[in-house]
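K.L.:
So that we are looking at the same thing, I have put the structure below in structure tokens.
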Amino acid sequence: MKVLVAEDDRLIREGLAEILSREGYTVVLAEDGESTLEAFAAECPDFVCLDIMMPKVSGYEVCRRMRAARPQLPVIFISAKSEEIDKVVGLELGADDYIVKPFGVKEVIARIRAVTRRCYATAGEPAAKSGFRMGDLEVFPLELRARRGETVIELSLRDIRILQLLWEHRGEALERRTIYERCWGATYLSSSRTLDQHISQLRKRVEVSPGSPNVICTVHGVGYRFDG
């Protein structure tokens with residue numbers, strides 16, 4: 001899923017890019033209203049994180065133009081403007097949400113995941129992705145969630161990709177390279193610990209006993225496997 005981040009503050013722009021990339025999104029960056037419209041036309045993003053006070057063309061005007069071209073495009077306004085009237089104007093323009101700077105990482109992730117769920121619902125994802133079981137764990141890709149009994153487990157887009165890949169190849173030992181290239185969309189470096197660290201954190205959320213995993217099993221010298 002591709003996200004266009006339009007923000008004139010470099011540190012905030014790069015910070016948002018890092019958060020989104022870690023969650024598993026492909027990120028396109030723009031630093032002013034003009035370049036945002038150009039990126040929107042060239043990249044066809046799935047949704048947009050849009051600053052209001054940008055050079056050349058304001059976020060409000062950018063939103064109007066994008067909405068005219070794609071009325072269902074999800075938009076999250078991210079701005080330092082906190083007056084109630086600014087939120088009202090943004091929401092009346094069709095924004096799906098409004099985040100005020102400064103913001104916390106957890107807040108951004110929660111709001112991004114909520115918009116992602118709406119993207120999936122609007123796109124009408126195939127029924128095969130509606131849910132699957134991994135032992136006593138039920139995984140719901142369209143919700144970015146899993147459930148074990150009454151317990152709801154929030155998952156990132158990348159978490160879902162990893163679990164779905166293991167489920168689709170249940171019983172097979174998948175190499176680290178395969179998992180990384182399929183779920184990160186990047187070339188695997190054997191010296192990197194990114195995959196193993198992510199799996200470690202994912203196990204803490206989806207395993208009953210992370211030290212004795214049943215969902216994501218380690219295949220020493222190879223990678224990981226879900227036995228089914």
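K.L.:
Does any residue in region 51-79 that is more than 19 Å from A17 (Cβ to Cβ) and among the β-branched types (V, I, T) come within less than 7 Å, Cβ to Cβ, of a residue that is at pLDDT 90 or above and surrounded by fewer than 15 Cβ atoms within 10 Å (Cβ to Cβ) six or more places away or on a different chain, and which pairs are these?
P.N.:
V57/E34
K.L.:
Do you know which residues across region 162-193 are among the β-branched types (V, I, T) and either surrounded by 14 or more Cβ atoms within 10 Å (Cβ to Cβ) or closer than 20 Å to R148 by Cβ (or both)? Can you show your working first?
P.N.:
Of region 162-193, the ones among the β-branched types (V, I, T) are 162, 178-179, 187.
Hits for region 162-193 are I162, T178, I179.
K.L.:
I'd like to check something: does region 205-223 contain any residue that is under 24 Å from the mean Cα position of the chain (by Cα) and closer than 18 Å to M1 by Cβ?
P.N.:
No.
K.L.:
Can you name every residue in region 25-38 that is more than 21 Å from V115 (Cα to Cα) and either surrounded by fewer than 21 Cβ atoms within 10 Å (Cβ to Cβ) or hydroxyl-bearing (S, T, Y) (or both)?
P.N.:
Let us first name the residues in region 25-38 that are more than 21 Å from V115 (Cα to Cα), namely 31-35, 38.
Residues satisfying the conditions are E31, D32, E34, S35, E38.
Here is a yes/no grid of residues against (1) modelled with pLDDT under 85; (2) surrounded by fewer than 15 Cβ atoms within 10 Å (Cβ to Cβ); (3) of a type outside the set (G, A, S); (4) assigned by TED's automatic domain parsing to the domain that holds E14:
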position	(1), (2), (3), (4)
F40	no, no, yes, yes
V48	no, no, yes, yes
I52	no, no, yes, yes
A69	no, yes, no, yes
P74	no, no, yes, yes
E84	yes, yes, yes, yes
V89	yes, no, yes, yes
E107	no, yes, yes, yes
V115	no, no, yes, yes
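The values are calculated or read from the model by the stated rules, or taken from the named source; none is laboratory data. What you see is a predicted model, and the numbers here were worked out from it, not measured in a lab. Cβ: placed from backbone, ideal geometry, glycine included. Neighbour counts: every protein chain shown.
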